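These notes concern the structure reproduced below.
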Amino acid sequence: MTDMIKIEDLSKKFGDTEVLKGLNGSVSKGQVICVIGPSGGGKSTFLRCLNLLEKPTSGKVTFESNELTALNEGQLNELREKMGMVFQSFNLFANMTVIENVKLAPVKVKNMSDDEANKLALSLLDQVGLQEKADAYPASLSGGQQQRVAIARALAMNPDVMLFDEPTSALDPEMVGEVLKVMQDLANDGMTMVVVTHEMGFAKNVADQVWFMDGGVFAEKGTPDEIFEHPKNERTKDFLAKILEA
Amino acid sequence: MKKFFVWLGLVLGLVVTLAGISAQPAQAADNSLARVKEKGTLVMGTSPDYPPYEFLVNRNGKERVVGMDVDIAKKIAKDLGVKLVIKQMSFDSLLVALETNKVDMVVSGMSPTPAREKSVDFSKVYYKGGQSILINKTDKGLYHDKNSFINKAVGAQTGSIQYSLGKKQIKNSTVKGLDKISDLILALKSHKVEGVIMEKPSAQAYVDNDKSLTMINGNFNLGKGENDTAIGFRKGSTSLVNEVNKSVDQIDKQGLTKDYLKDAGSYMKTNTHNTTMWHYAGYFAKGVGYTLLITVISVFFGILLGIIFALMRLSKNKLLHGLGVAYIEFVRGTPLMIQVMFVYFGIGLFINIPALTSGIIAVSLNSAAYVAEIIRGGINSVAKGQTEAARSLGLSNTQTFRSVVFPQALKNIWPALGNEFVSLIKESSIVSIIGVTDLIYQLKAVQTATYKGVAPIIVAMILYFIMTFSLSKVLNHYERSMRHD
């Protein structure tokens, strides 16, 4: 099995602070990876390094045999289309309606016709259960609805992998479920996913691999069973104990 | 602090370079006469608010400069076999216009004083007036000559001989300098000043046309040239001056000035025949037209250049960033009035830019600096996540800016931007100093023509308000349509 994403010795410094300390790992096609760990451990920075929203200080990120860290901006844009991203704060374009949000990239980047883009957008909105909100502006939607639109928007580019950066952390508890449901459906359809999350239930049920991250390193990697039921690393045990108390 | 000095140095360096470039080119050989004949036109600069020397008349809604000086210039042009072109501007700007080749000669009731002779060549004297003081008729008997004004306030045109006479020869007086005679008359009527020093024929014209005014002899000690009126030329124009002197001699010998003054007097009568504001609607309409033209074009280029300068300032490229900052800071740090004069007279040394175009260029460039800062604020106000989301979808930097960042920035800055445009309508009035016939300029023209001070001000005020208020309404409409919640 070839690796879709390969991470080699990835490091990132902000000023003098070393946030990522030589990470290694690989994601194969169809795999769902959940990255868990305490806040400030570098999870989000790691995810943002995968599509180079954050420029690594050293090390390599390879995506579908292209070394991203060696590309220029134009080449990067082409590969970023293939890596959908969903943010903690949704980041829907405030100046556009729901359907315009979904259509924008296919029309601008792929030069898709307006008709075709409309059809695509409506079917994706249907998939996340929000077709009737097509003409609404983001400000009038609930957080859960906004996040589902954001997922539809990312899917519109027909990506090979989806990156989720704590997609439910900014949501009211009653809305977490609807978003996780959409993500679970995606995973069932065979989408490759890297998910930074605090939802341990989701990680247990959906992930193929769980990577526990703390202090800028992957302290432990394994199947959900290995990480949640038989953690070996002291830090993993600590973290899980605290989570369960809460 | 160190950075501050680096910046200051950079900006000052830029200014010194510009000044160096625009320094006067070395005086060439005298080809003044040949030059006029070659281009076939004789350009006369004048400040037409000084009847009977020069003033504006309204002929079927169109305005013309007329007066004794115009008749004299016409004769000179005819004698030279060229066409006369009249350029209007404020009295203050006349000598600069001469120096920077905007005009070939200044015929504007100007006295050939020794101080002026240092930088200007004068023709022979074509008229000897005298210096009078205009006063309110109600004050008749209170004032007899200049000595009655000790410890009082008097008015005179800025940069004029009368101004310095007042300063030097009336003890303890406050001499109030205003650019326009019409403003001085207003000041007199409202007792801001008790007398206005002006040339005898001009004073006579006002007395003839305004029943509330009268005049007294100033009894000034007049030095060389201070009683005289002559035509000014660029220094070193001997050949042109000699040719023009032939015409002046003829005028003198044949006593033509008498006819010219009579001519002017009849124009003044037609002018004051109907002084209702409605009769001058055409003047105001023209002023409104130019004010709107300048504003609309300046808003357009102001936005376009403003975006460019804002992006330069936001650029990571150090050179672009530096240029953007320097431009914005320099333009915001200097008055619009000076910028207008710099474009017209300074840059005009190298390329001949008409007054209207100069005005538009200066106002656009000025507005661009302010718009750039507004836009920069707007761009910074758009959340970073918006850009990240767009980039993660594969949109390029430019696409992200155009589709996502700029529309949101525009919505955020709309009220500030609208404010800038409304003030542009008003601030564009500064172009009147270089003779662009905008609303302010036309207001002065109507004041001069009708000998009425206040009524034209009220009309102009209402017209400005109509323009700004309509614009506000339009802007509010767009602001509402940009709301997305």
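Derivation of every value follows stated rules applied to the coordinates shown; laboratory data play no part. What you are looking at is a predicted structure, and each value in this text was computed from that prediction instead of being measured. Heads up, the Cβs are rebuilt from the backbone with ideal geometry, glycines too, and the neighbour counts pull from every protein chain shown.
For B:K318, the aspartates and glutamates whose Cα falls under 20 Å of its own Cα, not counting residues fewer than eight places away in the same chain, are A:E73, B:E329, B:E373. Computed from label points 7 Å out along Cα-Cβ, the spacing between B:T334 and A:E132 is 6.4 nm. Rounded to the nearest 0.05, what FRET efficiency is calculated for A:S123 and B:F469 with R0 set to 56 Å and r the Cβ-Cβ distance? Once the sixth-power term is evaluated, E becomes 0.65.
Within chain B, antiparallel bridges make up roughly 60 percent of the DSSP beta bridges whose residues both belong there. Of the three principal axes defined by the Cα atoms of chain B, the extents in descending order read 88, 53, 47 Å.
Its alpha carbons give region B:59-115 an Rg and a Dmax of 12.7, 42 Å. Please compute P(r) over all alpha-carbon pairs of region B:343-485, binned at 10 Å starting from zero, and give each bin as a whole-number percent. For region B:343-485, the pair-distance distribution reads 10, 26, 27, 21, 11, 4, 1. Give the Debye-formula value of log10 I(q)/I(0) at each listed q (0.17 Å⁻¹), with one equal scatterer per alpha carbon of region B:423-482, two decimals each. Debye curve over Cα of region B:423-482, log10 I(q)/I(0) at q = 0.17 Å⁻¹: -0.64. Over chain A, the ratio between the Cα radius of gyration and 2.2 N^0.38 Å evaluates to 1.01.
The phi-based Karplus calculation (6.51 cos²θ - 1.76 cosθ + 1.60; θ = phi - 60°) puts the 3J(HN,Hα) values of region B:190-199 at 8, 6, 5, 10, 9, x, 10, 7, 8, 5 Hz, whole numbers, x for Gly and Pro. Between B:Q250 and B:R35, the modelled label-to-label distance comes to 2.4 nm, taking each label 7 Å out from Cα in the direction of the beta carbon. Taking every pair of alpha-carbon atoms in region A:141-246, give the share separated by more than 21 Å as a whole percent. Distances greater than 21 Å cover 39 percent of the Cα pairs. Rounded to the nearest Å, what's the spacing between the alpha carbon centres of region B:166-182 and region A:76-155? Just the number, please. Measuring centre to centre over Cα atoms gives 72 Å.
Using the Cβ-Cβ distance between B:V296 and B:N101 with R0 set to 22 Å, the FRET efficiency works out to roughly 0.15.
In region B:316-449, taking the dipole from charged Cβ atoms about the Cα centre, the farthest positive-side position among B:I353, B:G394, B:A326 is held by B:G394.
A Cα-only calculation for region B:71-210 places Rg and Dmax at 16.7, 52 Å. Between region B:289-325 and region B:67-121, how many Å separate their Cα centres? Their Cα centres are 37 Å away from one another. Other residues lying with their Cβ under 11 Å from the Cβ of B:E117 contribute a combined charge of +3, Lys and Arg counting +1, Asp and Glu -1.
Hey, any idea what Rg/Rh is for region B:304-403, computing Rh the Kirkwood way over Cα pairs? Using Cα coordinates only, the ratio equals 1.11.
Rg over Rh for region B:281-354 works out to 1.10, both radii taken from alpha-carbon positions and Rh defined as the Kirkwood radius.
Just the Cα atoms of region B:391-439, one point each, no solvent: what log10 I(q)/I(0) does Debye give at q = 0.24, 0.28 Å⁻¹? For region B:391-439 at q = 0.24, 0.28 Å⁻¹, log10 I(q)/I(0) is -0.84, -0.95. Counted as membrane-span-like here are DSSP H helices of chain A whose alpha-carbon atoms extend 15 Å or more along the helix's own axis and whose Kyte-Doolittle mean is 1.0 or above; there are none. Here region A:106-244 is assigned +1 on the Cβ of each Lys and Arg and -1 on the Cβ of each Asp and Glu. Its dipole about the Cα centre then comes out at about 220 debye. Computed with the Debye formula from one identical point scatterer per Cα of region B:112-180, without solvent, the log10 of I(q)/I(0) at q = 0.24 Å⁻¹ comes to -1.15.
For a modelled paramagnetic label at B:N147, 7 Å from Cα along Cα-to-Cβ, the residues of region B:156-195 in reach, with backbone nitrogen under 12 Å, are B:171.
Amide H to amide H, with H built 1.01 Å from N, B:I86 comes under 5 Å of B:M44, counting only residues 5 or more places away or on other chains. Across peptide A:148-157, the average count of Cβ atoms from other chains found within 10 Å of a residue's Cβ is 1. Within the shell of other residues whose beta carbon sits under 10 angstrom from the beta carbon of B:F233, the net charge comes to 0, with Lys and Arg scored +1 and Asp and Glu -1. Ordering of B:318-330, B:362-374 by packing is B:362-374, B:318-330, highest average first (other Cβ atoms within 10 Å, averaged per residue). Taking only alpha carbon atoms, region A:14-95 gives an Rg to Rh ratio of 0.95, where Rh is the Kirkwood radius. Each of B:W414, B:G435, B:T450 was scored by the projection of its Cα onto the charge dipole of region B:410-485, and the greatest displacement toward the positive side belongs to B:T450; charges sit on the C-beta of Lys, Arg, Asp and Glu.
For region B:233-356, taking the reciprocal of the average inverse distance between every pair of different Cα atoms yields a Kirkwood hydrodynamic radius of 20.5 Å.
Here region A:1-37 and region B:401-461 have alpha carbon centers that stand 59 Å from each other.
For B:H321 and A:H230, the FRET efficiency from 1/(1 + (r/R0)^6), where r spans their Cβ atoms and R0 equals 56 Å, is about 0.50. Sorted from longest to shortest, the spans of the Cα atoms of region B:178-222 along the three principal axes equal 28, 21, 17 Å. Screening chain B for whole DSSP H helices with an alpha carbon extent of at least 20 angstrom along the helix axis and a mean Kyte-Doolittle hydropathy of at least 1.6 yields B:2-22, B:281-314.
Positive-end ranking of B:S381, B:L424, B:A460 along the dipole of region B:369-485, with charges on Cβ about the Cα centre, is headed by B:S381.
Our estimate of slack between B:T398 and B:K269, defined as 0.36 nm per intervening residue step minus the Cα-Cα distance, is 39.9 nm.
In a reduced charge model with +1 at each Lys and Arg Cβ and -1 at each Asp and Glu Cβ, the protein assembly as shown shows a dipole moment near 3800 debye about its Cα centre. Overall, the ratio between the Cα radius of gyration of region B:125-273 and 2.2 N^0.38 Å, rounded to two decimals, is 1.14. Computed over the protein assembly as shown, the range of Cα coordinates on each principal axis works out to 120, 52, 51 Å, biggest value leading.
Taken over region A:85-224, the alpha-carbon convex hull comes to 118 cubic angstrom per residue.
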